[in-house]
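The values are calculated or read from the model by the stated rules, or taken from the named source; none is laboratory data. Everything numeric in this text was worked out from a predicted model, so none of it was measured. With ideal geometry, Cβ positions are generated from the backbone for all residues, glycine too; neighbour counts draw on all protein chains shown. With ligands, DNA and RNA removed, areas are computed over all heavy atoms of the protein, side chains included. Shrake-Rupley method; radii C 1.70, N 1.55, O 1.52, S 1.80 Å.
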Amino acid sequence: MQNTNLDSILESRRSQPHQLIEVLQDIQEQHGYISEETMATVSEELGVPLMDVYSVASFYKSFSLKPRGKNVITICTGTACHVRGAKLIVNQANAQLDVAPGETTDDGQFTIEHVNCVGACALAPVVTENGSYHHHMDSGKLRKLIKSLESKDTEENSND
Amino acid sequence: MTKINTVNDLENLRNKILEDREKFRATLVICGGTGCQASRAGGVIDEIKKELDNHGLNESVCLRTTGCHGFCEQGPLIVIEPDNLFYCHVTPDDVHEIITKTILNNEIVERLLYTDPVSGNLIKTESEIPFYKAQDRQILTQNRQVDPCSIEDYIAIGGYTALGKTLFEMSPESVVQEIMDSELRGRGGGGFPTGLKWAECREAPGDEKYVICNADEGDPGAYMDRCVLEGNPHLVLEGMLIGAWAIGASQGHIYVRNEYPLAVDNIRVAVQQARESGLLGDGILGSKFSFDVEISRGGGAFVCGESTALMASLEGKVGEPKPKDVHTVIDGLWHKPTTLNNVETWANVPAIMKNGSSAFAAKGSKGSKGTKILALTGCIKNTGLVEVEMGTPIKNIVFDIGGGANNEKPVKAVQTGGPSGGCLPVEKFDLPVDFDELYDAGSMIGSGGMVVMDEETCMVDVAKYFLTFLQDESCGKCVPCRIGVSRMLEIVTDITEGRGKLEQINLLEELGDTLSHTALCGLGKTAANPVLSTLRYFREEYEIHIEEKKCPAGVCQELITYAIDPESCTFCGLCKKACPHNAITGEKKQAHEIDLGLCIKCGICRSECKFESIIIN
């Protein structure tokens with residue numbers, strides 16, 4: 001992680017152990033995961049033992065300790081989504097990308113995650129893709145979404 | 001931003017805002033809540049801005065982007081004031097017509113009106129729509145009246161006047177008494193009397209006290225707190241200010257789910273605006289009362305909805321609950337007396353102070369006063385956020401507001417209260433939304449999730465779903481929850497996979513009973529409810545799974561097989577193309593077949609088939 005970035009996140013929070021979760025939230029948001037190296041810096045700057053930083057980072061679901069893929073597809077598995085077929089969406093993602101929720105494809109393009117509820121229950125089943133919401137999803141819509149992201153990536157690569 | 005130093009300043013500002021708005025001959029109210037944003041309301045808003053510009057209407061037509069209106073299924077929604085014309089499923093392509101016809105010529109664009117699914121009639125205004133008509137929207141109605149990022153909007157509808165009244169006309173003790181008299185009970189799930197909590201915290205020794213707003217809405221299937229915080233953040237702040245003054249706190253915390261990015265953004269803006277106007281800070285409205293609020297984002301742990309775990313999380317620690325030998329009103333955040341209330345509870349406070357406790361207590365049932373916001377979802381026609389008077393029978397909510405089943409399959413049950421609640425069968429739909437009555441029936445109001453299930457929902461699978469959720473979310477601190485939930489999940493999994501035995505049902509009940517008596521926190525104590533309630537009302541489904549190795553709803557993968565019905569199959573080949581496991585064979589215009597050796601029963605073919613030709617055996 002670039003030190004300047006981490007510096008700005010830690011700014012005004014140094015030596016304040018209770019800011020640990022807020023700091024980790026910002027690191028997660030900006031960098032997609034929390035590395036061991038970052039945890040060591042946070043530990044030192046906030047004055048929290050490294051063991052406690054690790055225990056908090058591994059306890060809360062918001063934090064990923066591994067780098068995530070370029071595209072993060074989050075499938076809501078809340079109750080309303082469950083009764084309207086969220087499992088089908090998980091099955092589709094699993095079959096199409098050959099990864100289970102929580103895993104990243106070998107080429108680093110996709111991470112599939114599930115979330116307990118995004119609070120858009122009336123539009124179930126819901127999937128968020130890189131932060132944008134897709135409602136009334138079904139297996140076909142997810143297949144097309146993944147394909148469009150794949151072709152977008154290929155296009156970007158060929159322009160490089 | 002104008003500094004509001006006195007109650008007079010507030011009143012003058014309100015009058016000025018209202019006066020400035022007299023120039024508008026119409027207001028376009030567009031829902032910009034998470035639901036409508038998912039339905040691409042953002043594009044509609046951009047188009048409206050462009051069109052208003054093009055027609056030079058910026059000075060005469062007001063555009064107000066608001067929080068959730070509740071009827072998410074019909075989004076994006078636009079209401080045009082003053083006539084309250086209601087347009088649904090609006091797209092950017094419709095905007096030009098709305099401006100040129102409705103705004104400029106008072107003509108109605110009929111295709112954007114809501115069609116009553118029963119009569120087939122077109123309905124013009126929100127209040128005539130059955131979904132809204134059967135509700136009592138005391139809190140939610142304000143969501144339509146304010147742009148959450150505009151403190152002026154909130155002040156225009158009388159916002160912060162309850163705070164003024166409280167600070168200058170009432171003593172802290174009389175505020176607490178007023179809340180006690182209102183009989184307001186916590187909306188987060190526990191249903192604890194709010195006034196009692198405030199009184200205990202006020203009397204607790206210590207100069208430093210805290211108030212906390214619990215916006216860590218972790219119940220899957222509930223999103224009322226998101227909508228209130230996202231749509232009307234100043235209402236929650238005003239409630240917290242009144243509570244803080246009553247108990248003697250000068251610092252508040254809002255603990256909000258990070259999965260609700262819009263709610264986080266909007267409450268941040270609201271806090272900043274309140275600080276700039278002097279409604280947060282020192283000497284509020286010229287009184288001696290000082291108060292400020294800090295916002296913390298939750299880390300995505302369900303257990304942090306429990307008060308002691310939430311406080312641990314606010315202190316930057318792992319969110320594990322503590323035994324409540326001493327209540328948090330005495331020994332809470334940083335070991336100081338702390339009052340923690342849920343978003344909806346805080347949102348009820350300003351109206352109680354403004355209109356009096358008796359007006360609040362006039363609504364509701366004997367032990368449950370006021371209104372309750374419910375997230376009505378699942379297998380029904382009208383899904384969305386609804387607010388009803390406490391005591392309203394479940395059947396009115398599911399059938400009158402929800403419009404009944406969303407397909408041919410009849411409604412079978414309703415799940416209330418999330419992972420701590422239970423499933424109630426149709427025969428119990430006469431039960432009112434009431435803390436005590438639902439508890440006696442083996443469920444609870446909880447935070448207000450109401451997920452309707454039809455005959456394609458397997459109740460054993462629902463129990464398994466909640467156990468999987470709870471096993472995943474158990475913090476692991478106490479043995480009954482950590483081990484008990486896992487054992488129950490093992491048994492239920494056995495039943496759904498054809499290995500169940502009848503005697504395991506008794507074991508499930510025994511484990512559930514032990515859990516409810518021995519777990520450390522409220523979440524553990526109630527963790528068995530989804531299993532116990534489904535056993536109470538749907539025991540037969542468990543028995544069929546065990547004895548006949550069948551899943552009547554056709555959900556449990558190990559107990560079903562898929563086949564193609566040759567009669568209705570049109571040989572279109574969609575299923576074959578969609579099957580990720582190449583388990584379907586057959587040429588175009590020829591009979592298709594499923595190879596059961598390759599089929600993993602994922603159900604994708606069935607969801608793709610347009611002719612309902614994939615059948616479950």
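As a length-normalised measure over Cα pairs under 8 Å and 6 or more apart, the relative contact order of chain B settles at 11 percent.
The mean number of Cβ atoms from other chains found within 10 Å of a Cβ in peptide B:37-45 is 3, as a whole number.
What the Cα convex hull of the stretch B:459-548 gives, in volume per residue, is 72 Å³. How big is the gap, in Å, between the Cα center of the stretch B:338-394 and the Cα center of the stretch B:2-36? Result: 26 Å between the Cα centres.
Pairs of Cα atoms in the stretch B:1-64 fall into 10 Å distance bins, from 0 up to the last occupied one, in shares of 19, 33, 30, 18, 1 percent. Here the Kirkwood formula puts the hydrodynamic radius of the stretch A:37-131 at 14.8 Å, using every distinct Cα pair.
Rounded to the nearest 10 degrees, the inclination of helix A:139-159 to the longest alpha-carbon principal axis of chain A is 60 degrees.
The lysines whose alpha-carbon is closer than 26 Å to the alpha-carbon of A:LYS147, local same-chain residues fewer than 8 away aside, are A:LYS66, A:LYS70, A:LYS87, B:LYS576, B:LYS577, B:LYS588, B:LYS601, B:LYS610. The orientation-averaged projection of the convex hull spanning the C-alpha atoms of the stretch B:21-129 amounts to 6.4 square nanometres. For the stretch B:371-454, the number of Lys pairs with C-alpha atoms closer than 15 Å, counting only pairs eight or more positions apart or on separate chains, is 6. The spread of Cα positions in the stretch B:177-273, taken along each principal axis and listed from longest to shortest, comes to 37, 29, 20 Å.
Taking GluC sites (Glu not before Pro) across the stretch B:362-452, the ones in a DSSP loop with at most 15 further Cβ atoms lying within 10 angstrom of their Cβ are B:GLU408.
Per atom type, the protein assembly as shown shows carbon and sulfur on 48% of its accessible surface, probed at 1.4 Å. Tell me the relative contact order for the stretch A:103-154 as a rounded percent, counting alpha carbon contacts under 8 Å between residues six or more apart. With pairs under 8 Å counted, the relative contact order is 18 percent. Neighbours of B:GLU169, meaning other residues whose beta-carbon lies under 12 angstrom from its beta-carbon, give a summed charge of +1 when Lys and Arg score +1 and Asp and Glu score -1. Let a ≥ b ≥ c be the square roots of the eigenvalues of the Cα gyration tensor of the stretch B:126-251; is it rounded (a/c under 1.5), or, if not, prolate (a/b larger than b/c) or oblate? Verdict is prolate for the stretch B:126-251. Rounded to the nearest 10 degrees, the angle from helix A:50-59 to the longest Cα principal axis of chain A is 20 degrees. Quick check: the angle from helix A:86-97's long axis to the longest principal axis of chain A, C-alpha only, nearest 10 degrees? Helix A:86-97 and the main axis of chain A meet at about 90 degrees. Which of the three applies to the stretch B:467-520, rounded, prolate or oblate, going by the alpha-carbon gyration tensor with a ≥ b ≥ c and a/c under 1.5 meaning rounded? Since a/c reaches 1.5 but b/c is at least a/b, the shape of the stretch B:467-520 is classed as oblate. Under 5 Å between amide hydrogens, built in the peptide plane, is the criterion, and for B:GLY32 it picks out B:THR66, B:GLY67 among residues at least 5 positions away or on other chains.
In the calculated pair-distance distribution of the stretch A:3-59, the portion above 19 angstrom amounts to 12 percent of the Cα-Cα pairs. Loop-located GluC sites (Glu not before Pro) in the stretch A:5-98 (DSSP state not H, G, I, E or B) with no more than 16 neighbouring Cβ atoms inside 10 Å: A:GLU11.
One quarter of the convex hull surface built on the alpha carbon atoms of the stretch B:113-195 amounts to 8.6 nm², the projected area averaged over directions.
The string of couplings for the stretch B:292-300 from the Karplus curve (6.51, -1.76, 1.60, θ = phi - 60°) is 9, 10, 10, 9, 10, 8, x, x, x Hz, one whole number per residue in order, with x for Gly and Pro. Each stretch of four or more DSSP H residues adds -39500 (n - 2.57); spread over every residue of the protein assembly as shown, this sum gives -11500 deg cm²/dmol at 222 nm.
Among residues other than B:PRO321 with Cβ under 14 Å from its Cβ, the summed charge is -1 (Lys and Arg +1, Asp and Glu -1). Among the GluC sites (Glu not before Pro) in the stretch B:1-73, those placed in a DSSP loop whose Cβ has at most 16 other Cβ atoms within 10 Å are B:GLU59.
Separation of the stretch B:51-101 and the stretch A:49-108, taken as the distance between their Cα centroids, equals 37 angstrom. Out of every Cα-Cα pair that the stretch B:151-361 contains, those further apart than 26 angstrom amount to 27 percent. For the stretch B:264-422, the alpha-carbon coordinates run over 59, 39, 34 Å along the three principal axes, in decreasing order. Indicate the gyration tensor shape class of chain B (rounded, prolate or oblate), computed on the Cα atoms with a ≥ b ≥ c the square roots of the eigenvalues: a/c under 1.5 is rounded; otherwise a/b larger than b/c is prolate and the rest oblate. Here chain B falls in the oblate category. With a 10 Å cut-off around each Cβ of A:51-64, the average count of Cβ atoms from other chains is 4. Local charge for B:ASN84 was computed over the other residues whose Cβ lies under 11 Å away, with Lys and Arg +1 and Asp and Glu -1, and equals -2. Inverting the pair-averaged 1/r between distinct Cα atoms of the protein assembly as shown gives 27.5 Å as its Kirkwood hydrodynamic radius. For the stretch B:371-454, the equivalent ellipsoid built from the Cα gyration tensor has semi-axes of 18, 13, 11 Å, listed from largest to smallest.
Highest GNM mean-square fluctuation among A:MET137, A:MET39, A:MET51, for chain A modelled with Cα contacts below 10 Å: A:MET51.
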